[in-house]
Amino acid sequence: MVNKMRMSGSRVQCVILAGGLGTRLGEYVKHTPKPMLEVCGYPFLHHLISKVSRYGFNDFLLLAGYKSEIIEDYFSSKIPGAYPHSVSVNVISEPTQLGTGGALLNALPYLQDDFLLLNGDSFFNIDLREFYSVPLPEDALARIALRQVARNTRYGEVGIDKNRICSFTSATKVSTPCLVNAGIYHLRRNILEYAPSACFSLESQLLPMLAGNHTLTFGIYEDYFIDIGVQEDLERAKKELSCFFQPA
């Protein structure tokens with residue numbers, strides 16, 4: 001199902017993955033999808049769109065799954081002027097859980113040739129205009145924002161070789177500095193030509209395969225990051241994000 005809202009003229013597309021079950025949040029997501037949990041007075045996803053629009057992105061495509069009707073209802077009620085910059089917000093609902101890659105494949109007819117992709121449950125305070133403006137080499141399919149972390153307890157490590165990503169490893173606890181995927185991507189639409197099936201994970205299936213082909217570039221950033229996927233960090237976000245997320 002596609003729920004179309006207000007369209008804008010010059011389109012700079014940002015696609016947001018908002019379909020996960022959020023099982024680690026337990027009762028928090030019993031009636032509300034994870035990206036719609038309230039943080040600083042508004043749903044997290046509302047804040048994310050407002051923040052990203054300040055970098056010039058004005059055509060938002062939300063890939064919804066679990067309790068997608070809540071996302072559809074909320075954004076269909078938005079009116080011109082709801083955000084600091086003029087934006088359109090379109091929602092595509094999965095017929096069934098397809099995984100992050102399958103959700104993109106399901107939205108293929110609506111994707112621009114190049115687009116920004118974000119996770120709908122995390123925030124990384126980097127300059128998205130600068131990140132997206134770095135040209136992709138002709139032989140590259142994506143540019144991925146990487147975070148330098150002092151110790152890793154939740155995420156898989158990313159290996160690099162010169163100016164390309166060469167590997168993704170499974171999540172492991174390490175006490176030494178490493179690079180992790182920050183969940184921000186500049187993608188070429190034709191990356192989906194390499195989709196292994198109709199239902200797949202972008203992070204654990206497609207990207208590791210493409211890393212082996214040296215078709216992924218990267219940028220390394222260090223700034224504030226939070227992922228609301230676990231209860232402890234959701235509660236922390238409610239206290240810390242007021243300085244980044246202004247009511248819109």
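The values are calculated or read from the model by the stated rules, or taken from the named source; none is laboratory data. Worth saying up front: this structure is predicted, and the values here are computed from it rather than measured. Cβ: placed from backbone, ideal geometry, glycine included. Neighbour counts: every protein chain shown. These area figures cover heavy atoms from the full protein model, side chains too; ligands, DNA and RNA do not enter into them. Shrake-Rupley method; radii C 1.70, N 1.55, O 1.52, S 1.80 Å.
Tabulated results
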quantity	calculated
Cα-centred dipole magnitude for the chain, charges only on beta-carbon of K, R (+1) and D, E (-1), debye, nearest 20	220
Kirkwood hydrodynamic radius of region 138-248, Cα pairs, Å	15.5
Whole-percent carbon and sulfur share, accessible surface of the chain, 1.4 Å	50
Region 152-248, accessible area per residue, ligands and nucleic acids excluded (1.4 Å, Å²)	50
Most mobile listed residue (His186, His214, His46) in the chain, GNM with C-alpha springs under 10 Å	His214
Region 107-185: proportion of alpha-carbon pairs further apart than 19 angstrom, %	45
Compactness index (Cα Rg / 2.2 N^0.38 Å), the chain	0.96
